[in-house]
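The values are calculated or read from the model by the stated rules, or taken from the named source; none is laboratory data. Given the structure is predicted, the values throughout are model-derived calculations rather than measurements. Cβ coordinates were reconstructed from backbone atoms using ideal geometry, including for glycine residues, and neighbour counts include every protein chain displayed.
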Amino acid sequence: MTGTNANAGWEPRIVAFLCNWCSYAGADSAGVGRMQYPASVRVIRVPCAGRINPFFILSAFRRGADGVLVSGCHPGDCHYISGNLGARRKFALMARLLGHLGIEEGRLHFTWVSASEGGRFAEVIETVTERVRELGPARRNAGGAR
Amino acid sequence: MTDTIHGRESLVRLLEGILAMPGVTVYAPVAEGDGAAFDRVLSASEALLDSSGAVRPPRQILAPMTETLLAMEPGGSAVDSVPAPEPTILFGARPCDARAIVFLDRVYAGGDRIDPYYAARREALTILSIGCREPRATCFCTSTRGGPLSVEGSDILLEPSGEGWIVRIITERGASLVGRAGLGSSDGRVTDPAAFPQAGAPRDLSALRGRLEQAFDDPRWEALTAKCLGCGACTFLCPSCHCFDIVDAEEDGRIVRSRIWDSCQFKTFTRQASGHDPRPTGADRYRHRLMHKFSYCLESYGMPGCVGCGRCVEACPVNLDIRLLLDAFGGER
Amino acid sequence: MSGAGLSARIAEAASRLLSEGSAEVVIGFEQGSIPMRATPCLVTDPSDAGRLVWNAFCANNLARYLEPGRKAAIVARGCDSRAIVELIKERRLKRSDIVVIGVPCTGMADPRAIARRFPGLRVTAVDESDGMLVIHGGPEPVSVPLDEVLHASCRLCARRNPVICDIPLGDPVAERDPGFPDVEAFASLPAEERRSRVEAEMAKCIRCYACRSACPLCTCASCFADSSQPQWVGRGAHPEDVTAFHVMRAMHLAGRCAECGACARACPTGVDLSILNRRLASDVSELFGCRAGLDENAPQPLAASSMEDSQDFMLDPGRKRE
Amino acid sequence: MSNPYAPVPMRVEKSVTETEDGSIRTISLTFPDGTAPFGFVPGQFAELSILGVGEAPFGIASSPMSPDMLDFTIARVGTVTTELHYLEPGESVGLRGPLGNGYPVEGLSGRDLLVIGGGFGFSTLRAFTNYALHPGNRGNFGGITVVYGARNPGLLLYRDDLCDWAARDDMNLVVTVDRADEGWTGMTGTVPAAVEKVKGVKSVLGGRAALVCGPPAMIRYTLPVLADLGLAPADIFLSLEMKMKCGIGKCGRCGIGGSYACTDGPVYSLERLRGLPGEFR
């Protein structure tokens, strides 16, 4: 199922969970700065990276996302002191667990983007989109005929 | 033409013969981890014919864990998805499994409203059962009006005899399968059921029922079920449990309405939107399960809702043995 | 000390605790109704204390039966006590409400492993002596070392003696933490094979929730899996829903899971949940330097954080800011 | 074979807010072209559904004497009911029904009736009352007394009907609220207390029967009052609120002993109910 040739015309669907204070504002900066980035992203704004439950990520995949991006404030910048640091622990475990289960790496990405980093936001989206595009549409497990 | 299957190899050949029939689907016990489940087999080597019974009952052949009732494509209207299965043969059911299907027939295909999904699968099904040579520690079929050579529900019963089996045709459908498989059959019962190893002394169902009904408000329910975890292992491994929920979801761009297995042991089963729950405690829910099987079903369906297969005894993570509760509440006082 | 000796001492302690009113209930095991099974037993009357036993088939984690506000004595080995420690940390239980009757544990025998070892044998009874199981049911009794038929979780056990204890019974056994060879072995498989192994395990799940119900740390009053608003995960047999349920549950237990294996033992169809839970335990140990239930005073790793935590899993994380 | 799980696509004709807090609405549905309206008995219910959201049972709140348009009164409590609240005229909603037994209209013929409802449980009693008051049916029944209560005046349903009924001289209407607000001039107090007060109302024909539907607490305290009034358990009919799903006696959810509320109920005589397991008494 992978490879761009087999998926001509296909555009990845990427769900981005962005914290309100830094990354969402960073996306805004990218827009204000008229920076180009792929239109593959559906943004969901959350109060803090710490608000992002692993459920959100699995639900996004379950409902058809090909990739998921989670982005919050850089360490030290969290508006709730350490919400992003707590989130980092959760996501470190989740990233490893999904890899362990054989779920393709490259579909789930975590990063930090600050409010002023419009350029970085555009680059991140570019990188994630390219990575997911290389992987092709997410493989769905419809199971056997039991 | 022979009416006897001499030993295991002949049994394998019979299964091979059935598998070779065009246009049939065959289910038989297959290995699943350390246990066994009824699943579709394509070759006789997949089947576990020596197993003393599958861990998972054949119920999912007729009432799958999740079954689409209606589906709607984007922009379309809802269409029902009643299956049209090809002829299906359940090979190697235990007599208790076949009796459980008799019970399911009364639930789904009885009364004035027939469940078309179940009925379509049932109509296509032929059941070949193999009698039980010896009971397991968990068996209690004899307490539910069954037995190791019980014929109810089976189209064909292979009665153990020496190292082999005698073919008994129970129904027309069984006769047709026997004919196609190149077997003959014995005319009458050859084996004396009473001479067979039985699963313990039978319990008197009608006396049991009366005592259970009297024990409804017995204060011991709570203590005797205190270790119940409230999981659904007993109900989901039960061959005759039939409860389900109906849920809607979006599945790969289609909107589907499905039914999924549900369990009276779950806290959410009877809890109303207002928060009121007529069966709020684990003891209430356990009592309901027991009373349903041994009292209510006798009234509604003329047979107990339990065939004594023992799967719930085996599966219970905390070994809450339904037989002990039957004796505690329904035994002689 | 033999199982029989321990059983008698457990019964004696239980009877005393109930008589003197130190506990409303004693949570232990009694003989099960079928061979190779012990079953949880909640004793409230001192005259029933004699039912309590300790043997190689005590498969459940009894911490599951502790309730807030109920003074209870509990027979606990390493894994039960690890769960109790976590429950106390989460303030679900008060230490002062619990009397821990501590027993050393040399592991529990897996009936499925015994069946594999002696195919076709219909076991009628099992005796234990000096680390050997003597199995009856065939023409002659057969024996096997307990060590060779242990549950996987017991083979990999990191804590055999109770972590906290009020009434120690029996002599402590030597600890032997084997680390995570199971996790390493699985991780060394190619991703495709890991994926298909996981899919095969998930295909066995019947959504009976025995795993959740048997787990001493699954303490949520209402589980995400039962929520309809929002519905986090579909309740049917769709493989992606099944997987999502188990992954979410494992994530919820990350850093809290007592590694007792009660979930996998409870599973009627034998889903190997250790693939998820052990991986998380191994990562928690490696990344955050702790293991659930072993240290009463350590904070739970997912209720804590540090600026120094690794972020090498992140996309371009250390990049200088504009 | 007709598929009992397949809904009929009904058309929403109107949707009106019943209560001041907006938590309860009544939607009125008509049958699609080419589908004949079904006959039904007051007290029966139907499963309403929106594909992709879910299905839930609701009592039919309108009288079978006007079968072309069916009313359903819906309290917003969950996902399905919320979506049903959002339906606008012209939209479509799935319906399976009629389901259940309904009130025993034949057996009630020739008797004096006490119709007792509380809160949201009044919907099928409204259907029954309008059925009984229909000119073609009124002669079949003796005196009709309706006692209806809500927590506060803002939660009273079917205000137009209440006004009509109050103006009639062939029935007696008692409306009560647990807690009055400014401007409420009617009776204040619980439903059981209001039923106590109708004790004095003379029986016209004798052979009284009561139809009761409401929250569990209302039922619990009303039954002794009815016993005081001299009604035997066989004369008291309760419509039970039960969690249901399939509506056709297969899914096992609404079992009460050997009966299913969705097929044998939801209306039970108190006598029958007393012979069933105690969970629902």
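Data overview
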| item | result |
| --- | --- |
| Residue ID - modelled with the lowest pLDDT, chosen from residues in the stretch D:98-125 that are at positive phi and crowded, with 19+ Cβ neighbours inside 10 Å | D:Gly119 |
| Selection status of D:Leu155, in contact with a Gly (Cβ under 8 Å, 6 or more places away or on another chain), modelled with pLDDT under 95 and closer than 27 Å to D:Phe31 by Cβ | no |
| Residue check for D:Leu273: of a type in the set (A, V, I, L, M) and not assigned by TED's automatic domain parsing to the domain that holds D:Ala150 | yes |
| Residue in the stretch A:39-55 that is within 9 Å of chain C (Cβ to nearest Cβ) and either modelled with pLDDT of 95 or more or surrounded by 19 or more Cβ atoms within 10 Å (Cβ to Cβ) (or both) present | yes |
| Matching residues, the stretch C:221-260, being within 12 Å of chain B (Cβ to nearest Cβ) and in contact with a Leu (Cβ under 8 Å, 6 or more places away or on another chain) | C:Val233 |
| Criterion violated by D:Ile248 - all others in (1) surrounded by 24 or more Cβ atoms within 10 Å (Cβ to Cβ); (2) assigned to a loop (DSSP other than H, G, I, E, B) satisfied | (1) |
| Residues being free of Cβ contacts under 8 Å to residues at least 24 places away in the same chain and of a type in the set (Gly, Ala, Ser) - total across the stretch C:100-144 | 4 |
| Criterion (more than 7 Å from every other protein chain (Cβ to nearest Cβ) and surrounded by fewer than 23 Cβ atoms within 10 Å (Cβ to Cβ)) met by exactly one of D:Ser269, D:Ser239 | D:Ser269 |
| Every residue from the stretch D:1-36 that is away from every other protein chain (no Cβ under 14 Å), in contact with a Lys or Arg (Cβ under 7 Å, 6 or more places away or on another chain) and surrounded by fewer than 16 Cβ atoms within 10 Å (Cβ to Cβ) | D:Val16, D:Thr17, D:Thr30 |
| Filtered residues of the stretch C:80-113 (kept if closer than 23 Å to C:Ser15 by Cα, surrounded by fewer than 20 Cβ atoms within 10 Å (Cβ to Cβ) and among the acidic types (Asp, Glu)) | C:Asp97 |
| Wholly within the stretch B:1-118, helices (runs of 4 or more DSSP H) carrying at least 2 residues that are free of Cβ contacts under 8 Å to residues at least 40 places away in the same chain | B:7-19 |
| Qualifying positions in the stretch A:56-86 - within 14 Å of the chain's Cα centre (by Cα) and outside any loop (DSSP other than H, G, I, E, B) | A:Phe56, A:Ile57, A:Leu58, A:Ser59, A:Ala60, A:Phe61, A:Gly67, A:Val68, A:Leu69, A:Val70, A:Ser71, A:Gly72 |
| Matching residues in the stretch B:209-232 - criterion: being more than 11 Å from chain C (Cβ to nearest Cβ) and under 24 Å from the mean Cα position of the chain (by Cα) | B:Arg209, B:Leu212 |
| Failed item in (1) modelled with pLDDT of 95 or more; (2) surrounded by fewer than 18 Cβ atoms within 10 Å (Cβ to Cβ); (3) part of a helix (DSSP H, G or I), with C:Phe186 passing the rest | (2) |
| Matching residues, the stretch C:233-265, being touching a Ser or Thr at 6+ places or on another chain (Cβ under 7 Å) and in contact (Cβ under 8 Å) with a residue 40 or more places away in the chain | C:Glu259, C:Cys260, C:Gly261, C:Ala264 |
| Whichever residue in the stretch D:37-80 is buried (at least 20 other Cβ atoms within 10 Å of the Cβ) and either of a type in the set (Ser, Thr, Tyr) or not assigned by TED's automatic domain parsing to the domain that holds D:Ser15 (or both) and, among such residues, is nearest to B:Val79 (Cα to Cα) | D:Ser49 |
| Residues satisfying the stated conditions in the stretch B:119-135, i.e. in a loop (DSSP other than H, G, I, E, B) and of a type in the set (A, V, I, L, M, F, W, C) | B:Ala124, B:Cys132 |
| Helices (runs of 4 or more DSSP H) within the stretch C:215-296 that include 2 or more residues of a type in the set (A, V, I, L, M, F, W, C) and outside the structural domain of C:Glu193 (by TED's automatic domain parsing) | none |
| Any hit, the stretch C:292-310, residues being more than 14 Å from chain B (Cβ to nearest Cβ) and closer than 30 Å to B:Glu250 by Cβ | no |
| Residue check for A:Leu108: facing chain C (nearest Cβ under 10 Å) and either over 21 Å from A:Asp28 (Cα atoms) or touching a residue at least 60 places away in the same chain (Cβ under 8 Å) (or both) | yes |
| Unmet requirement for D:Glu88, which otherwise passes all of (1) crowded, with 17+ Cβ neighbours inside 10 Å; (2) more than 29 Å from D:Val177 (Cα to Cα) | (1) |
| Test: residue in the stretch C:73-80 that is touching a helix residue (DSSP H, G or I) at 6+ places or on another chain (Cβ under 8 Å), without any contact (Cβ under 8 Å) to a residue 24 or more places away in the chain and either under 18 Å from C:Ala214 (Cβ atoms) or aliphatic (A, V, I, L, M) (or both) | no |
| The listed residue being within 23 Å of C:Ser33 (Cα to Cα) and within 19 Å of the chain's Cα centre (by Cα), out of C:Leu150, C:Leu133 | C:Leu150 |
| Restricting the stretch C:30-48 to residues that are aliphatic (A, V, I, L, M) and more than 14 Å from C:Met108 (Cβ to Cβ), the residue that is surrounded by the fewest Cβ atoms within 10 Å (Cβ to Cβ) | C:Leu42 |
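Conditions (1) buried (at least 24 other Cβ atoms within 10 Å of the Cβ); (2) closer than 30 Å to C:Arg122 by Cβ; (3) within 14 Å of chain B (Cβ to nearest Cβ); (4) in contact with a strand residue (DSSP E or B) (Cβ under 8 Å, 6 or more places away or on another chain), marked per residue:
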residue	(1), (2), (3), (4)
C:Ala4	no, yes, no, no
C:Ile27	yes, no, yes, yes
C:Gly50	no, yes, no, no
C:Asn55	no, yes, yes, yes
C:Cys58	yes, yes, yes, yes
C:Tyr65	no, no, yes, yes
C:Ala76	yes, no, no, yes
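Each row is one residue, and each column tells you yes or no for (1) buried (at least 23 other Cβ atoms within 10 Å of the Cβ); (2) modelled with pLDDT under 95; (3) at the interface with another protein chain (Cβ under 8 Å from one of its Cβ atoms).
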residue: B:Cys234; (1), (2), (3): yes, no, no
residue: B:Glu250; (1), (2), (3): no, yes, yes
residue: B:Ile255; (1), (2), (3): no, yes, yes
residue: B:Arg279; (1), (2), (3): no, yes, yes
residue: B:Ala315; (1), (2), (3): yes, yes, yes
residue: B:Glu332; (1), (2), (3): no, yes, no
